[in-house]
Amino acid sequence: MTTSAPVPSRSPERKKITIPAFQKMKSEGKRICMLTAYDYPTALALDEAGIDAILVGDSLAMVVLGYENTLAVSMDEMIHHCRAVRRGASAALLIGDMPFLSYQVSPTEAVRNAGRFLQEGGMDAVKLEGGRERLETVGRIVEAGIPVMGHLGLTPQSVHRLGGFRPQGRTAEAARRLLEDALLLEQAGCFSLVLESVPARLARLVSERLSIPTIGIGAGAGCDGQVLVTHDLLGLFERFRPRFVKQYANLYAEMRRAFGEYIADVQTGRFPAAQHTVEMPDEEWEELRQMLADGTHA
Ligand code: KIV
């Protein structure tokens, strides 16, 4: 078994966000800021910017690995990226997203896989999708000392059952069920809950009824915190953009521009220029020329 990733030394001025500190933000009325990361430089930038929590989401499958949906990503791939994020972030609470089939088969397997996120991936907590059907699993993982974040509403690992990436909880009955699931997950021991793509007034109601923090994505301003997929926020994922995303940069276009400029520079000889080039002392160069002129060297 691999040992856990080394603890990074950057951002010493910011205190590590623990689970109690994360939860206290709700009672203090402080809005929680969470984003996803899958690599070292992004984790470093997020941590230095002051993010409260970083989710190594299984969105990795789509926005980094190019899979059609989130179902294809494996435990090993998730752990590999968690380790990189761990090396970049020192203060943010780190949450590893349990991939499809890592927790659905049996609670025992779920505990073992959740443990890998902490032991090998260096995460502080795990997240998993689902409501009442996950209560035993959540309870067993929490019993093992591993904090669990729940995830209700649009749960992308159920994309086939849901018939697509669609908003959830839009009928009175579906909304009632979602609220009930949220209360059950809280009772089962979840320390927090993601609410994805649900009506804003339902998310506000759930947030008011729960004592644990809710983190919304496409769930309006009434949640205790917000999360986005970082690649959506940065404009790095072009395949589609959910309506609820606010894009803060257009890095894909910027990357395309930079790559195009590089190619043109190489093709026309503008790169490398003198300042990008290593030289040797003139006397060494002369000595080499002499050696070659003597004919005694190749
Ligand atoms: O995988 C992910 O990035 C997520 C967020 C959308 C909450 O689950």
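Since every read-out is calculated from the coordinates, none of them should be taken as a lab result. What you are looking at is a predicted structure, and each value in this text was computed from that prediction instead of being measured. Neighbour counts run over all protein chains shown; Cβ positions are idealised from the backbone, glycine included.
Here are a few things to note about the model shown:
- Ordering 258, 163, 293 by Cα displacement along the dipole of the chain toward the positive end leaves 163 in first place; charges were set at the Cβ atoms of Lys, Arg (+1) and Asp, Glu (-1).
- Once the C-beta distance of residue 280 and residue 256 is scaled by a Förster radius of 35 Å, the resulting FRET efficiency is 0.40 to the nearest 0.05.
- The stretch 19-249 - percent relative contact order, Cα under 8 Å, separation 6 or more: 17 percent
- Mean Cβ neighbour count within 10 Å, used as a protection proxy, ranking 249-259, 191-201, 84-94, 129-139 highest first: 84-94, 191-201, 129-139, 249-259
- Length gained on full extension, residue 105 to residue 144: 12.3 nm, using 0.36 nm per residue less the C-alpha separation.
- Restricting attention to the chain, close to 5% of DSSP beta bridges with both partner residues there are antiparallel.
- Cα-based Rg / Dmax (Å) for the chain: 24.2, 93
- For 82, 33, order by how many other beta-carbon atoms lie within 10 Å, fewest first: 33, 82
- Counting only lysines at least 8 places from residue 26 when in the same chain, those with an alpha carbon closer than 20 Å to its own are 15, 16, 127.
- Around the Cα centre of the stretch 19-249, unit charges on the Cβ atoms of Lys, Arg, Asp and Glu (plus for the first two, minus for the last two) sum to a dipole of about 600 debye.
- Dividing the summed helix terms, -39500 (n - 2.57) for each DSSP H run of n ≥ 4, by the number of residues in the chain produces a 222 nm estimate of -12500 deg cm²/dmol to the nearest 500.
- Folded to 0 to 90 degrees: helix 75-88 orientation relative to the chain principal axis, Cα: 70 degrees
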